[in-house]
1. Pulled fully out, how much extra length does the chain show between ASN19 and ARG385, if you take 0.36 nm times their separation in residues and subtract their Cα-Cα distance?
2. Suppose accessible area is computed on protein heavy atoms with a 1.4 Å probe; arrange TRP294, TRP366, TRP344, TRP107 from highest to lowest.
3. I'd like to know which of ALA50, PRO127, TYR212 lies farthest towards the positive end of the charge dipole of the chain, counting +1 on Cβ of Lys and Arg and -1 on Cβ of Asp and Glu.
4. If you project the alpha carbons of the stretch 199-255 onto their three principal axes, what span does each projection cover, largest first, in Å?
5. Which three extents, in angstrom, do the Cα atoms of the chain have along their principal axes, listed largest first?
6. Using the heavy atoms of the protein chains and a 1.4 angstrom probe, tell me the accessible area per residue for the stretch 54-129 in square angstrom.
7. Whole-Hz ³J(HN,Hα) for each residue in the stretch 74-83, computed from phi via Karplus 6.51 cos²θ - 1.76 cosθ + 1.60 with θ = phi - 60°, x for glycine and proline: what do you get?
8. Please give the FRET efficiency for HIS135 paired with THR367, using the beta carbon to beta carbon distance and R0 = 25 Å, rounded to the nearest 0.05.
Amino acid sequence: MQPAPAATDTNVTTPTRQNGRPRHLYEVDVLRILTFACVIGVHTTSHTTASDNHFYYALLALLHFTRLVFFSLTAFVLVYSYTLRPKPMSQFWPKRFLLVGVPYLAWSLVYVGSAWLLSATERGDVPLLVTDLAHGIVTGTAMYHLYFLLVTMQVYLLLPAIMWLVRRTRRHHVLLTVVALVVNLVVYGAYKYWPHSFDWMHGYSKQFFFMYVFFIVSGAVAADHAEAFLTWIRVRRRLIGWGVTGVGVLTLAVWAGQVLLGQSLYAAGTPLQPIEVVWSAAIGMGFLALGAAWADRRDPSTLLARVIDYGSDRSFGIFLSHPFVIFLLLYGDSWLERHVAQPWLTPVTYVLVIVLAVAITELFRWTPLSIPLTGRPSLGSRGAREARRRGRERLASAGGTTTTTARAVRDAGREPSSEAVEPDDALVGETDDVGGSHAER
């Protein structure tokens, strides 16, 4: 495969370019939203399913791909966007850490502070609050999903090394990817089947980037060959579909076999095991193929197009807040748990979590707290209002007949084609240690 066309190419329409300009990768939006929906599915199911529900735990085994897919997506969008618009790290890092690091600190405070206020034994102990907050920030344990941001910031710091590796090994990318795959399979095999080999990490193994080396490397390599990679995704759509089906069946077979060998329903499907590496790669390409099929037929005037644009923009804020919604719905003597019987509790909670997390995110997007709580500039700021006004004027001067950019201009104040991808939009992760007593290792 060859690297994507240079930014100077003109009059080219390809998977990465339209009318000679970088094209917004709408297939990435679809991949992001589908995986985001599964993130909420993982956390909701882990907290609500009965301990003997084989169906839901088998479903969890299939849903546990999300963290790995999003690390690959994070590397892809970082390398791809940086290749299109290279800039000094002195400019790149401040922006990235503002939009990721600030929400990480803000939500760490929200989650640690909430637990502190609700604890009858800890409330009022300010030194304990400070200690717990510092520990949560350093280790990514303020809430079970925030470690993902900690790892993402490690990837940001490593971007110069990742770019160097991709460029120096350009003639050997297949070998590089295979080596990274073997390393990840060996590491996850040891983690799953010889867990004491990781005792030296004291339970913090998932907080380090090297646990996801295959997905970071494969995402970066795919970005370096974005044109050929996205073309292959389109050409081989049927092959990918059969691959997803076959690997999905294999994943369920491994889960069932491990249950028969005595593992708990949850432990048999935890994400850090070899089969999840293969399944995550397969389902990630499957979702991307679906996204590519939709992107090629996308009509920006349709409701579906507007929903996907909206979901892509709000996904990070929803990711940050949805565990808080789960906590509120299930806290204490939960009304929901008392009035919704198994197995309906899981799907009902899932829908409520999505609705409430979207509402919370939408509220924050229009306040000065938008950056710390959603990772996005406020839609109610003076700059955003002025950008939307300029967008409306551009549309009016063009005749006011097109709906292609109207929604994006209203929401974001810019033409969506001006940036091919948004690196921070890839920020959605998931975890394997939620669900109270059901989260057995």
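1. Working: separation 366, 0.36 × 366 = 131.76 nm, distance 2.89 nm.
This chain segment gains 128.9 nm when fully extended.
2. TRP344, TRP366, TRP294, TRP107
3. Looking along the dipole axis, the top candidate is TYR212.
4. 45, 34, 9
5. Here the spans come out as 62, 49, 42 Å, largest first.
6. 41
7. 4, 5, 4, 5, 5, 5, 5, 5, 5, 5
8. 0.30
The values are calculated or read from the model by the stated rules, or taken from the named source; none is laboratory data. Everything numeric here is computed off the predicted structure, so don't read it as measured data. Cβ: placed from backbone, ideal geometry, glycine included. Neighbour counts: every protein chain shown. The protein model used for the area step is the full one, side chains on, heavy atoms only, and it has no ligands, DNA or RNA in it. Shrake-Rupley method; radii C 1.70, N 1.55, O 1.52, S 1.80 Å.
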